[in-house]
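Take a look at the following structure, please.
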Amino acid sequence: MLSEHAGEPAARRDRLALKRVTVIGTGLIGTSVALAMRRAGAEVLLIDRDPAVARLAADLGAGTPWSGESADVAVLAVPPSAVAATLLDAQERGLAAAYTDVASVKGPPLAEAARIGCDLRVFVGGHPLGGSERSGPLAARPGLFDGRPWVLCPAEAADPLVVDGVTGLVTGCGATPVVMDAAAHDKAMALVSHAPHVVSAAMAARFADAPDGMVGLTGQGARDVTRIAGGAPSLWREILAANAHPVADVIEAVADDLARAAAALRAHAGPPAPVTDLLERGVAGHDRIPVKRGAPAARLATVTVIVADRPGELALILQAAGVAGINIEDIAIEHLQGRPVGVAELSVAPESAPDLIAELRTRGWSLPDPPER
Ligand SMILES: NC(=O)C1=CN([C@@H]2O[C@H](COP(=O)(O)OP(=O)(O)OC[C@H]3O[C@@H](n4cnc5c(N)ncnc54)[C@H](O)[C@@H]3O)[C@@H](O)[C@H]2O)C=CC1
Ligand SMILES: O=C(O)C(=O)Cc1ccc(O)cc1
């Protein structure tokens, strides 16, 4: 189906259609956007500099390889350093009426796009805050952005109809649009995404040469801290270089805390004050992270249950919570190596924890007493 509007200047219309979307760069994010827009009913066309990758995305149900059609919106899902040149090329070829990108940094690609003469009236920079440490179309999922914030950074020149259209694409992907300027976005990302990646890499790097016997004991905590370190270095070195100073500010502060903690541990026999202070500030910072995206930060209580490793055990626990009218906000399961039991950690509102503990104990489960914080 050809869109009647594609190619017509957005300013001459009341609304930008979202019937046909072209995705350029069909890796993890591009293919996830394509799958999400297919789910929303759009026709999706796929382009990648490697045609085999675009074909793979098409085989996964993300759309059809592009063959010259003009779209309502083109989504540039290429590495940050390729955004400006890809935008200029796409605009010169008239690929779409409006354009957006998904790069993890917003300032440098926008400045470069302005410098090389892109038409910024029909471009709105974007960044979905959903993703993973994996790359490529095989890791893509249509629900990757569901309920996630998706930052939009419209430049001053941006046509309001284009901003509206790109906002529609974001909500069509299941995400929540958040508008901010590029500099504010990059500063925020230094704190909540880019510096955490470096910290995760610094911890994971300790494992690179450690004996197998030690690394084999890794539990859920170390897995959580190091998961994002698995991200592609080729992408992350670009992101970090493009947001260098804000990231350096955060990692210097982290390095300072770590250096103080290490010095105190070397100098003291008992629990040293700088370490206690760091742990307490850590709890305070952790408690500010929203539990559900978009919801205000709230501390949850963790109820720990010892569960037998047999089918249906977890379902029975969830059923017991449901009968007691308790909402489980999150659940984590740890299998104990070489033992026929595991540990389930149920996150609930603090006021619900005593009722859940009582309910589960009544029904015969073994629950260790909650630890002191
Ligand atoms: N990985 C993540 O979790 C997130 C990544 N992003 C951003 O999304 C963008 C894409 O990242 P991923 O999907 O993770 O990478 P990816 O490596 O999975 O996919 C990138 C794709 O772009 C293609 N490509 C590269 N240069 C191209 C060009 N000039 N023209 C056409 N295709 C080109 C590559 O062949 C590859 O298929 C990056 O800008 C990244 O900063 C944003 C949010 C989350
Ligand atoms: O894997 C995760 O938890 C991530 O946070 C992924 C991610 C990577 C890069 C981004 O710009 C945004 C999100």
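The values are calculated or read from the model by the stated rules, or taken from the named source; none is laboratory data. Since the model is a prediction, treat every value here as computed from it, not as a measurement. Here the Cβ is made from the backbone with ideal geometry for all residues, glycine too, and neighbour counts use every protein chain on show.
Being buried (at least 18 other Cβ atoms within 10 Å of the Cβ) and among the hydrophobic types (A, V, I, L, M, F, W, C) is the filter here; which residues of segment 91-114 pass it? So that I can check it myself, show each step before the final result.
At the first step, the residues of segment 91-114 found to be buried (at least 18 other Cβ atoms within 10 Å of the Cβ) are 91, 95-110, 112-113.
Listed by number, the residues that qualify are Leu95, Ala96, Ala97, Ala98, Val102, Ala103, Val105, Leu110, Ala113.
Which of the residues spanning segment 108-134 are more than 13 Å from ligand 2 (Cβ to nearest atom) and acidic (Asp, Glu)?
Correct list: Glu112, Asp119.
Just to verify a result, which residue in segment 1-26, among those that are at pLDDT 95 or above and not in a loop (DSSP other than H, G, I, E, B), is surrounded by the most Cβ atoms within 10 Å (Cβ to Cβ)? Even if it seems obvious, please write down each step before you answer.
The initial filter retains those residues of segment 1-26 that are at pLDDT 95 or above, namely 19-26.
Cutting the leftovers down to not in a loop (DSSP other than H, G, I, E, B) gives us 20-24.
Working: Arg20: 24, Val21: 28, Thr22: 25, Val23: 31, Ile24: 27.
Across segment 1-26, the extreme among qualifying residues is Val23.
Continuing with this model, one more query. Given the condition surrounded by 13 or more Cβ atoms within 10 Å (Cβ to Cβ), touching a residue at least 60 places away in the same chain (Cβ under 8 Å) and touching a Pro at 6+ places or on another chain (Cβ under 6 Å), answer yes or no: does some residue in segment 190-213 qualify?
Yes, some residue in segment 190-213 is surrounded by 13 or more Cβ atoms within 10 Å (Cβ to Cβ), touching a residue at least 60 places away in the same chain (Cβ under 8 Å) and touching a Pro at 6+ places or on another chain (Cβ under 6 Å).
Here is a further query. So Ala184 passes all but one of these: (1) within 16 Å of ligand 2 (Cβ to nearest atom); (2) under 22 Å from Glu133 (Cα atoms); (3) of a type outside the set (D, E, K, R). Which condition number does it fail?
The single condition Ala184 does not satisfy is (2).
Being more than 16 Å from ligand 1 (Cβ to nearest atom), small (Gly, Ala, Ser) and over 23 Å from the mean Cα position of the chain (by Cα) is the requirement here; does Ala222 meet it?
Working: more than 16 Å from ligand 1 (Cβ to nearest atom): yes; small (Gly, Ala, Ser): yes; over 23 Å from the mean Cα position of the chain (by Cα): no.
No.
Could I ask something else about it? Out of the helices (runs of 4 or more DSSP H) lying entirely within segment 27-129, which hold 2 or more residues that are farther than 27 Å from Ile228 by Cβ, under 19 Å from the mean Cα position of the chain (by Cα) and in contact (Cβ under 8 Å) with a residue 40 or more places away in the chain?
Numbers: elements: 28-39, 51-59, 83-92, 107-115.
Once the helices (runs of 4 or more DSSP H) in segment 27-129 are filtered for at least 2 residues that are farther than 27 Å from Ile228 by Cβ, under 19 Å from the mean Cα position of the chain (by Cα) and in contact (Cβ under 8 Å) with a residue 40 or more places away in the chain, nothing remains.
Name, by its number, the condition in (1) more than 11 Å from ligand 1 (Cβ to nearest atom); (2) of a type in the set (S, T, N, Q); (3) part of a loop (DSSP other than H, G, I, E, B) that does not hold for Ser135.
(1)
If you don't mind, there's one more thing I want to ask. Filter segment 185-219 down to residues that are β-branched (Val, Ile, Thr) and more than 16 Å from ligand 1 (Cβ to nearest atom) and give me whichever is farthest from the chain's Cα centre (by Cα). Working first, answer last.
From segment 185-219, those β-branched (Val, Ile, Thr) are 192, 198-199, 215, 218; that's our starting set.
Adding the requirement that they be more than 16 Å from ligand 1 (Cβ to nearest atom) leaves 199, 215, 218.
Working: Val199: 17, Val215: 27, Thr218: 24 Å.
The selected residue is Val215.
Could you tell me whether segment 135-154 includes any residue that is of a type in the set (Val, Ile, Thr) and either assigned by TED's automatic domain parsing to the domain that holds His245 or within 16 Å of ligand 2 (Cβ to nearest atom) (or both)? Break it down stepwise before answering.
Quick first cut of segment 135-154, residues of a type in the set (Val, Ile, Thr) only: 151.
Add one more test, that the residue is either assigned by TED's automatic domain parsing to the domain that holds His245 or within 16 Å of ligand 2 (Cβ to nearest atom) (or both), and what stays is 151.
Looking for residues that are of a type in the set (Val, Ile, Thr) and either assigned by TED's automatic domain parsing to the domain that holds His245 or within 16 Å of ligand 2 (Cβ to nearest atom) (or both), one finds at least one in segment 135-154, hence yes.
Would you mind stating whether Thr86 is buried (at least 16 other Cβ atoms within 10 Å of the Cβ) and either within 20 Å of Ala111 (Cβ to Cβ) or more than 13 Å from ligand 1 (Cβ to nearest atom) (or both)?
Working: buried (at least 16 other Cβ atoms within 10 Å of the Cβ): yes; either within 20 Å of Ala111 (Cβ to Cβ) or more than 13 Å from ligand 1 (Cβ to nearest atom) (or both): yes.
Judged against the criteria, Thr86 is a match.
Another question, then. Does Ile228 satisfy the criteria of being in contact (Cβ under 8 Å) with a residue 12 or more places away in the chain and under 15 Å from Ala188 (Cα atoms)?
Working: in contact (Cβ under 8 Å) with a residue 12 or more places away in the chain: yes; under 15 Å from Ala188 (Cα atoms): no.
No: the conditions fail for Ile228.
Related question: Check off (1) closer than 26 Å to Gly41 by Cα; (2) assigned to a helix (DSSP H, G or I); (3) among the hydrophobic types (A, V, I, L, M, F, W, C) for Trp150 and give me the number that stays unchecked.
(2)
When the residues of segment 80-107 are filtered to those that are farther than 20 Å from Val163 by Cα and not hydrophobic (A, V, I, L, M, F, W, C), which remaining residue is nearest to ligand 2 (Cβ to nearest atom)?
Restricting attention to segment 80-107, the residues satisfying the condition of being farther than 20 Å from Val163 by Cα are 80-82, 85, 89, 92-93.
Still in the running and not hydrophobic (A, V, I, L, M, F, W, C): 80-81, 89, 92-93.
Numbers: Pro80: 9, Ser81: 14, Asp89: 23, Glu92: 28, Arg93: 27 Å.
Out of the qualifying residues, it is Pro80.
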